[in-house]
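The values are calculated or read from the model by the stated rules, or taken from the named source; none is laboratory data. In this text the structure is predicted, and so the values were computed from the model without any measurement. Here Cβ is always computed from backbone atoms with ideal geometry, including for glycine, and neighbour counts include all displayed protein chains. Ligands, DNA and RNA are stripped out before the accessible areas are found, and what is left, the full protein with its side chains, is counted by its heavy atoms. Shrake-Rupley method; radii C 1.70, N 1.55, O 1.52, S 1.80 Å.
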Amino acid sequence: MKMDNMQNNISTEEPFVDTYLLYLMAQASAAVSQTFHDTLERQGIPVSKWRILASLFPDKKLNVGQLARRCLAKQPTLTRQLDKTCADGLTMRLTEDGDRRGVLICLTAEGRAVAADLVTKAREHEALVMADYSLEDVARLKETLIQLANRAQSTGTL
């Protein structure tokens with residue numbers, strides 16, 4: 001069904017947010033994430049640190065801008081978080097070949113071990129959340145979300 005047809009079929013009796021895609025995505029993300037975020041909190045790991053570790057796992061090397069985009073963070077905020085993860089021995093800064101100004105961020109051995117444990121827990125959490133869905137439904141949902149995000153990023157607008 002095309003979007004203009006969908007808009008014509010939306011009831012004005014329901015509250016707007018009950019059918020608004022962006023609200024529904026945010027609501028689903030918050031609801032599904034909460035249990036895993038509680039797991040992180042019990043381990044003393046802020047969500048922002050988890051995003052850094054997960055984005056670099058297992059062997060990624062990213063510059064600060066790339067990492068900020070993957071972590072859904074502003075670059076200055078991420079830089080402060082990286083100072084902490086470097087001080088904790090979880091990440092390190094590497095100078096890019098031939099460019100002393102270019103810096104790449106990667107996991108240390110300790111960071112990789114912490115991330116591996118958290119990734120295992122994240123995968124277990126995802127499996128529980130998606131247990132009632134077929135593998136095909138899960139794959140289709142992920143592909144749809146990837147396409148939506150890519151389209152929005154590539155065009156700047158939909």
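Does T155 fit the bill of being farther than 18 Å from S29 by Cβ, at pLDDT below 95 and open to solvent by 60 Å² or more (accessible area, probe 1.4 Å)?
Yes: the conditions hold for T155.
Within the stretch 76-91, is there a residue that is within 24 Å of A30 (Cβ to Cβ) and either open to solvent by less than 30 Å² (accessible area, probe 1.4 Å) or acidic (D, E) (or both)?
Within the stretch 76-91 (the criterion being within 24 Å of A30 (Cβ to Cβ) and either open to solvent by less than 30 Å² (accessible area, probe 1.4 Å) or acidic (D, E) (or both)), the answer is yes, since at least one residue qualifies.
Before we move on, is E96 open to solvent by 100 Å² or more (accessible area, probe 1.4 Å) and either of a type in the set (F, W, Y) or farther than 19 Å from F36 by Cβ (or both)? Write out each step before concluding.
Values: open to solvent by 100 Å² or more (accessible area, probe 1.4 Å): no; either of a type in the set (F, W, Y) or farther than 19 Å from F36 by Cβ (or both): yes.
It is false that E96 is open to solvent by 100 Å² or more (accessible area, probe 1.4 Å) and either of a type in the set (F, W, Y) or farther than 19 Å from F36 by Cβ (or both).
Any residue in the stretch 140-149 that is in contact with a Cys (Cβ under 9 Å, 6 or more places away or on another chain) and in a helix (DSSP H, G or I)? Don't jump to the end; show me each part of the working.
Step one: of the stretch 140-149, the residues in contact with a Cys (Cβ under 9 Å, 6 or more places away or on another chain) are none.
Scanning the stretch 140-149, I find no residue that is in contact with a Cys (Cβ under 9 Å, 6 or more places away or on another chain) and in a helix (DSSP H, G or I), so the answer is no.
For the stretch 40-51: of the residues being in a helix (DSSP H, G or I) and surrounded by 16 or more Cβ atoms within 10 Å (Cβ to Cβ), which is farthest from the chain's Cα centre (by Cα)? Spell out how you get there, then give the answer.
Step one: list which residues in the stretch 40-51 are in a helix (DSSP H, G or I), which gives 40-42, 47-51.
Remaining after also requiring surrounded by 16 or more Cβ atoms within 10 Å (Cβ to Cβ): 40, 48-51.
Values: L40: 14, S48: 10, K49: 11, W50: 9, R51: 6 Å.
If we take residues in the stretch 40-51 being in a helix (DSSP H, G or I) and surrounded by 16 or more Cβ atoms within 10 Å (Cβ to Cβ), then L40 is farthest from the chain's Cα centre (by Cα).
Is it true that V103 is under 30 Å from C86 (Cα atoms), open to solvent by less than 80 Å² (accessible area, probe 1.4 Å) and more than 16 Å from the chain's Cα centre (by Cα)?
Yes, satisfied.
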